[in-house]
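Beneath this line is the structure, given in structure tokens, with notes to follow.
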Amino acid sequence: MNENYILENNGQAFLQEGGEMGEYIRSINWADTPMGEAKQWPIALKQTVSMMLSTTLPVLICWGKDYTQLYNDAFRPINGTKHPTAMGDSAKHTYAEIWDTIGPMFEQVMQGESVGFPNFMVTLERNGQLENCYFDFSYSPIRDLDGNIGGILVICIETTQFKQDEEKSAKLAAIIESSDDAIISKTLESTITSWNESAVRILGYTASEIVGEKIYKLIPEDRKDEEPKIISRLKNGERVEHFETKRLTKSGKLIDVSLTISPVKNKEGQIIGISKIMRDITYKKQEEQRKNDFVAVVSHELKTPLTTIHSYIQLLLAKSKKEANDFNIKALTRAEVQTKKMSLMINDFLSVARLEEGEMSIHKKIFEFQALANESIQDVQFLSSKHHIEFVNCESIWLNGDRDKLGQVLNNLLTNAIKYAPNGGNVTLACKKQAENVIISVRDEGIGINLEDQKHLFERFYRANNEKLKTVSGFGIGLYLVSEILRRHDSKIEVVSNEDIGSTFYFSLPFMPFPS
């Protein structure tokens with residue numbers, strides 16, 4: 001039975017309107033269903049259908065002993081993939097998976113009792129899977145003029161999303177309150193809006209004392225510029241992770257903290273606030289300081305006797321060469337190589353200790369790079385006869401930097417190139433002018449570095465996880481030191497590497513004109 005047929009006949013005005021579901025209801029040949037032709041429906045049903053099609057609330061009608069269903073546009077999403085089969089079908093079939101729950105309720109309503117619950121959970125099979133769904137609903141009897149009950153009016157508002165959000169909020173609140181870290185939220189104007197119990201423990205302020213105050217209350221005077229920089233990074237879509245700094249407690253004590261800071265966004269993706277996780281790392285910093293102090297003391301204590309040992313080795317080596325004592329020459333040469341390696345290692349340890357104490361200073365001056373490179377090559381070539389260090393395209397290169405510190409950079413890169421190419425081969429130290437910079441690179445033919453290790457290569461004490469490196473000596477400080485020295489020259493160490501082929505480490509520095 002088509003729409004025109006229905007609309008042209010008396011008694012069918014109640015089926016007008018109703019959007020998509022109204023049109024679908026009009027397209028059904030109701031004469032072939034237990035409900036019969038629409039024009040013969042009871043007045044109570046017609047009135048209820050008319051109301052259903054005109055309201056914006058989600059409404060379902062279940063009519064007769066079979067609970068034949070009609071529903072409107074607002075109810076349609078609740079059925080998911082149960083539509084369109086549900087329209088005109090029995091509710092017993094459509095909701096078979098929950099009939100044990102709602103069937104007795106329907107019977108109550110058919111006896112004249114209204115039923116309703118807020119946030120009622122049922123497990124519906126829709127959209128191809130079982131879902132825990134929550135609803136605010138009411139079931140009411142539909143009565144005719146004589147008071148007889150012909151069906152059930154279901155008004156149903158799904159609250160699943162609200163319930164899920166509520167549960168997420170409760171879980172998040174529990175995590176926040178049980179966290180050992182201070183968790184703080186603030187506005188983009190740096191006003192504190194929330195403060196958990198760990199924030200009270202770490203920083204001393206209660207929530208009532210600090211919420212509504214500016215975050216600057218916690219920031220030392222010499223670090224006030226951190227806040228606008230952090231907000232700027234967040235607005236650019238960045239997430240600030242493990243940012244180590246200092247903060248002030250209520251008592252005025254300075255503590256070391258690590259901050260992880262994330263933007264809080266609304267549904268439109270706009271940043272409306274900031275969430276900050278603060279970890280007290282004071283004890284960790286104290287442990288690091290004790291370790292650095294120990295390394296510095298031990299390194300100093302080792303350096304003096306090592307210098308003496310090296311001097312005696314050189315004297316004995318000179319004497320052995322005069323006497324043409326081949327055995328002594330070989331033995332003393334090997335001893336000299338080992339003392340040279342130890343000396344380089346001790347220098348690195350001392351540099352790291354100064355770096356961690358904030359005492360590493362950079363003294364820049366203009367110098368010729370070729371002379372420095374030759375010195376480094378001479379120092380490192382002495383350590384291995386299996387490797388050939390080649391020096392290319394570095395003539396007439398003048399740089400403005402700390403000559404000694406950049407010498408350490410070259411020594412470390414060249415030493416690593418030899419260590420990680422245990423079978424020997426060529427090592428190339430090269431220069432390439434590019435615009436106003438010179439790119440300096442060290443390439444080896446060694447075992448290479450996998451991508452995962454490359455991510456951590458310049459972290460302090462990091463050693464690549466490679467079976468081939470088990471016999472290679474080192475403490476994982478050389479490349480960390482290289483990275484920090486170059487950072488203080490406004491540069492950065494980079495690496496390109498392929499396993500079993502080799503690695504190229506490179507950095508750039510401003511090219512200086514020949515000094516007059």
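Among the residues of segment 365-385, what is the count of those that are touching a strand residue (DSSP E or B) at 6+ places or on another chain (Cβ under 6 Å) and under 18 Å from Ser483 (Cβ atoms)?
Of the residues in that region, 0 qualify.
Which residue pairs have Cβ atoms under 9 Å apart, sit 6 or more places apart or on different chains, and have a first residue in segment 417-444 that is farther than 21 Å from Ser491 by Cα and a second that is of a type in the set (Asp, Glu) and surrounded by fewer than 20 Cβ atoms within 10 Å (Cβ to Cβ)?
So the pair list comes out as Ala421/Glu445; Asn423/Glu445; Gly424/Glu445; Gly425/Glu445; Asn426/Glu390; Asn426/Glu445; Val427/Glu390; Val427/Glu445.
Residue-wise test of (1) modelled with pLDDT under 95; (2) buried (at least 18 other Cβ atoms within 10 Å of the Cβ); (3) closer than 22 Å to Thr55 by Cβ.
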position	(1), (2), (3)
Tyr71	no, yes, yes
Phe75	no, yes, yes
Gly80	yes, no, yes
Thr85	yes, no, no
Gly88	yes, yes, yes
Lys92	no, no, no
Gly103	no, no, no
Phe106	no, yes, yes
Val109	no, yes, yes
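Report yes if Leu15 is closer than 19 Å to Cys156 by Cβ and crowded, with 16+ Cβ neighbours inside 10 Å, otherwise no.
No, not satisfied.
This table checks each residue for (1) assigned to a loop (DSSP other than H, G, I, E, B); (2) among the β-branched types (Val, Ile, Thr).
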| residue | (1), (2) |
| --- | --- |
| Asn374 | no, no |
| Val380 | no, yes |
| Phe391 | no, no |
| Leu406 | no, no |
| Ala421 | yes, no |
| Ser441 | no, no |
| Phe458 | yes, no |
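Of all residues in segment 320-353, count the ones that are free of Cβ contacts under 8 Å to residues at least 12 places away in the same chain and either part of a helix (DSSP H, G or I) or among the hydrophobic types (A, V, I, L, M, F, W, C) (or both).
Counting residues in segment 320-353 that are free of Cβ contacts under 8 Å to residues at least 12 places away in the same chain and either part of a helix (DSSP H, G or I) or among the hydrophobic types (A, V, I, L, M, F, W, C) (or both) gives 10.
Being out of contact with any Phe, Trp or Tyr (no Cβ under 8 Å at 6 or more places or on another chain), at pLDDT below 95 and either surrounded by fewer than 16 Cβ atoms within 10 Å (Cβ to Cβ) or of a type in the set (Phe, Trp, Tyr) (or both) is the requirement here; does Asn119 meet it?
no
Answer yes or no: is there a residue in segment 124-141 that is acidic (Asp, Glu), more than 25 Å from Ser50 (Cβ to Cβ) and in contact with a Lys or Arg (Cβ under 9 Å, 6 or more places away or on another chain).
Scanning segment 124-141, I find at least one residue that is acidic (Asp, Glu), more than 25 Å from Ser50 (Cβ to Cβ) and in contact with a Lys or Arg (Cβ under 9 Å, 6 or more places away or on another chain), so the answer is yes.
Scanning for something at positive phi and surrounded by fewer than 18 Cβ atoms within 10 Å (Cβ to Cβ), does segment 207-224 turn up at least one residue?
yes
Going by what's in this entry, would Leu413 be described as under 27 Å from Asn400 (Cα atoms), modelled with pLDDT under 90, under 33 Å from the mean Cα position of the chain (by Cα) and not acidic (Asp, Glu)?
Considered against the rule, which asks whether it is under 27 Å from Asn400 (Cα atoms), modelled with pLDDT under 90, under 33 Å from the mean Cα position of the chain (by Cα) and not acidic (Asp, Glu), Leu413 comes out as no.
From the list Asn411, Asn416, Asn450, which residue is under 12 Å from Ser503 (Cα atoms), of a type outside the set (Gly, Ala, Ser) and surrounded by 15 or more Cβ atoms within 10 Å (Cβ to Cβ)?
Asn416
Residues of segment 207-252 being among the basic types (Lys, Arg) and over 21 Å from the mean Cα position of the chain (by Cα), which ones?
Lys214, Lys217, Arg223, Lys224, Lys246, Arg247, Lys250, listed by residue number.
What's the number of the condition Ser396 fails, among (1) part of a loop (DSSP other than H, G, I, E, B); (2) closer than 24 Å to Lys341 by Cβ; (3) of a type in the set (Gly, Ala, Ser)?
Of everything listed in (1) part of a loop (DSSP other than H, G, I, E, B); (2) closer than 24 Å to Lys341 by Cβ; (3) of a type in the set (Gly, Ala, Ser), Ser396 misses just condition (2).
Do any helices (runs of 4 or more DSSP H) entirely within segment 22-121 hold 1 or more residues that are over 19 Å from Phe137 (Cβ atoms) and touching a residue at least 40 places away in the same chain (Cβ under 8 Å), and if so, which?
Per the criteria, 43-54.
The values are calculated or read from the model by the stated rules, or taken from the named source; none is laboratory data. Remember, predicted model here, so these are calculated numbers, not experimental data. For neighbour counting, all protein chains shown are included, and Cβ atoms are generated from backbone atoms with ideal geometry for every residue, glycine included.
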